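Report on the structure given below.
A short reminder: the numbers here are calculations on the coordinates, not readings from a lab. Quick caveat, the model's predicted, so the values are computed rather than measured. Cβ coordinates were reconstructed from backbone atoms using ideal geometry, including for glycine residues, and neighbour counts include every protein chain displayed.
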Amino acid sequence: MEHESHPHHHPHGTGVRWLDISLAIAAAIVSLVSLWLGLHSAHSMEKLVAANSYPYLELMRSISSAAPASETGLFRKRVEFEMANNGIGPARIEWVELTYKDKPVANLHALLSACCGPAQEFNIPMNARGNVSSALVRPGGSLVMFTANQTAVSNPIFDALHRSTGDIKFSACYCSVFDECYIRKEDGRKPQPVEQCTPPAVPFQPNFDRS
């Protein structure tokens, strides 16, 4: 029985050695350029997605009410510290550091003890968040850490706190949904990117825990 054989066809060069080598090099260059363009396009898409989820945290404080009191027409004193997200993606708060005269304090009890005199119980009306770690601030939203308002009757603790606001500084580290992290300080600079939010020695929590 005869077996029918099929000839195998192989691509042929031009027959001119230098031209064949040039064409092969050109094909390799085209392949490399195509690969680079593909990688560059993927990287550009990653940057675009990250840019569309970029959180921009602002550190804010108030020392007076937003509107005057209706009965007196005067602005009331207020002490309020908050963080506002003016970016286009949510911000996950990792930690906050708050200092009084450059010394970190762990909570509101430590802050009032440092600024307003030693006391076992501070008789001051205050709204406090309680915890800020892992809090999520949506775009256009804000997180108020604590607020104290002037009362009708003079309160020496509040007055001392209000006088001390210039000695209180705070900073925060936060991350985007893609775990791109930034540190924001009250130094007028933009948020600084960091590899991760390594917590400070004394992170701050807006509560009165003394444990």
Extension gain, residue 138 back to residue 26 (0.36 nm per residue minus Cα-Cα distance, nm): 35.2 nm
Spin-label model distance (nm) - residue 151 vs residue 178, 7 Å beyond Cα toward Cβ: 5.0 nm
Other-chain or far-sequence residues with amide H under 5 Å of residue 94's (modelled H): 134, 173, 174, 175
Inter-label distance, nm, simple model (7 Å from Cα along the C-beta direction), residue 131/residue 209: 0.7 nm
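Using DSSP to define loop residues, name the trypsin sites (Lys or Arg not before Pro) in the range 122-211 whose beta-carbon has at most 12 other beta-carbon atoms within 10 Å.
Passing sites in the range 122-211 are 189, 210.
Computed FRET efficiency, Cβ-Cβ of residue 163 and residue 106, R0 25 Å: what is it to the nearest 0.05?
0.70
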Where GluC sites (Glu not before Pro) fall in DSSP loop in the range 123-211, at most 11 other Cβ within 10 Å: 195
Protection proxy ranking, peptides 77-83, 29-35, 203-209, average beta carbon neighbours within 10 Å, highest first: 77-83, 203-209, 29-35
For residue 58, distant residues with modelled amide H under 5 Å away: 84, 85, 86
Lysine pairs meeting the criterion (Cα under 19 Å, 8 or more apart or interchain), as found in the range 57-194: 7
Loop-resident sites, the range 92-200, for chymotrypsin sites (Phe, Trp or Tyr not before Pro), counting at most 16 other Cβ within 10 Å (DSSP): 178
Residue 17 paired with residue 187, simple spin-label distance in nm, labels 7 Å along Cα-to-beta-carbon: 6.6 nm
Amide H within-cut-off set for residue 76, under 5 Å, with H built and near neighbours excluded: 65, 69
Geometric extent, Cα atoms of the range 57-194 - Rg, Dmax (angstrom): 16.0, 49
